[in-house]
1. Can we say residue 11 is within 9 Å of ligand 1 (Cβ to nearest atom), of a type in the set (Gly, Ala, Ser), at pLDDT 95 or above and in contact with a helix residue (DSSP H, G or I) (Cβ under 8 Å, 6 or more places away or on another chain)?
2. Residues that are within 14 Å of ligand 2 (Cβ to nearest atom) and of a type in the set (Gly, Ala, Ser): does the range 64-81 have at least one?
3. If we keep just the residues of the range 39-58 that are over 13 Å from the mean Cα position of the chain (by Cα) and not aliphatic (A, V, I, L, M), which is farthest from ligand 2 (Cβ to nearest atom)?
4. Checking residue 118 against (1) without any contact (Cβ under 8 Å) to a residue 60 or more places away in the chain; (2) open to solvent by 20 Å² or more (accessible area, probe 1.4 Å); (3) within 16 Å of ligand 2 (Cβ to nearest atom): exactly one of these is not met. Which one?
5. Search the range 90-101 for residues that are outside any loop (DSSP other than H, G, I, E, B) and of a type in the set (Phe, Trp, Tyr) and pair each with any residue that is loosely packed, with under 14 Cβ neighbours inside 10 Å and at pLDDT 95 or above when their beta-carbon atoms are under 7 Å apart and the residues are at least 6 apart or on different chains.
6. Filtering the range 70-89 down to residues that are open to solvent by 40 Å² or more (accessible area, probe 1.4 Å) and assigned to a helix (DSSP H, G or I), which residue is nearest to residue 42 (Cα to Cα)?
Amino acid sequence: MLMRIDHIGIACHDLEEKIALFSGLFDLEVVTREVNEEQGVKEAMLRIAGDSYIQLLEPLSEDSPVGKFLAKRGEGVHHVAFGVPDVAEAMEEVAGRGARLLDEAPRHGSMGSSIAFLHPKDVGGMLTELVQAAKPR
Ligand code: V0V
Ligand code: CO
């Protein structure tokens with residue numbers, strides 16, 4: 001079901017500051033910067049290699065998922081995202097195996113992807129995202 005690690009999501013207070021930190025430390029290229037109102041984030045994708053990224057996340061508000069995470073736990077790894085061939089199919093499979101889905105249907109993710117989250121309590125304490133990448137045009 002899981003094909004690869006798509007990205008590691010990192011929660012931060014200041015997106016531009018952390019872009020400078022990560023790109024400077026590891027020579028990473030910033031591929032996109034997006035605002036996702038539905039998810040309550042301003043985010044940037046830094047390419048590691050191929051279709052593997054670090055996703056830096058700054059909250060749009062304190063009561064968003066990332067805003068609450070920062071208040072509770074501070075900056076750091078927020079989620080791990082795995083590439084799947086078909087997100088709707090993967091959601092059905094994992095739900096059938098007992099993990100709670102945080103989304104009833106796939107949502108809009110970075111770079112035109114379709115995404116869905118699994119409850120961290122059902123995945124060993126790790127907030128898990130399933131990602132179906134946009135089809136190449
Ligand atoms: C909360 N918990 C976590 C966690 N957030 N554990 C591991 N990793 C995290 N990131 C724990 C928390 O400590 C609690 O455990 C328990 O889960 C319930 O958390 P809560 O504080 O009561 O609940 P909330 O209201 O903070 O909600 C947490 C969830 C929420 C995970 C349900 O953040 C959510 O729906 N996230 C999915 C959407 C999201 O994160 N979007 C932003 C990324 P204890 O204390 O009870 O033991 S957007 C993105 O990645 C995009 C756009 C993309 O990739 O393209
Ligand atoms: Co993500």
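The values are calculated or read from the model by the stated rules, or taken from the named source; none is laboratory data. Note that the coordinates shown come from a computational prediction; the quantities given were computed from them, not determined experimentally. Cβ coordinates were reconstructed from backbone atoms using ideal geometry, including for glycine residues, and neighbour counts include every protein chain displayed. Heads up: the accessible areas ignore ligands, DNA and RNA and are worked out on the full protein's heavy atoms, side chains in. Shrake-Rupley method; radii C 1.70, N 1.55, O 1.52, S 1.80 Å.
1. Answer is yes for this residue.
2. Going through the range 64-81, the residues within 14 Å of ligand 2 (Cβ to nearest atom) turn out to be 64-66, 69, 77-81.
Cutting the leftovers down to of a type in the set (Gly, Ala, Ser) gives us 64, 81.
Looking through the range 64-81, at least one residue is within 14 Å of ligand 2 (Cβ to nearest atom) and of a type in the set (Gly, Ala, Ser).
3. Kept after step one, since they are over 13 Å from the mean Cα position of the chain (by Cα), are these residues of the range 39-58: 47-51.
With the extra rule that they be not aliphatic (A, V, I, L, M), the set shrinks to 47, 50-51.
On the way: 47: 14, 50: 17, 51: 13 Å.
Checked the range 39-58; the qualifying residue farthest from ligand 2 (Cβ to nearest atom) is 50.
4. (2)
5. Every condition considered, no pair remains.
6. Of everything passing the filter in the range 70-89, 71 is nearest to residue 42 (Cα to Cα).
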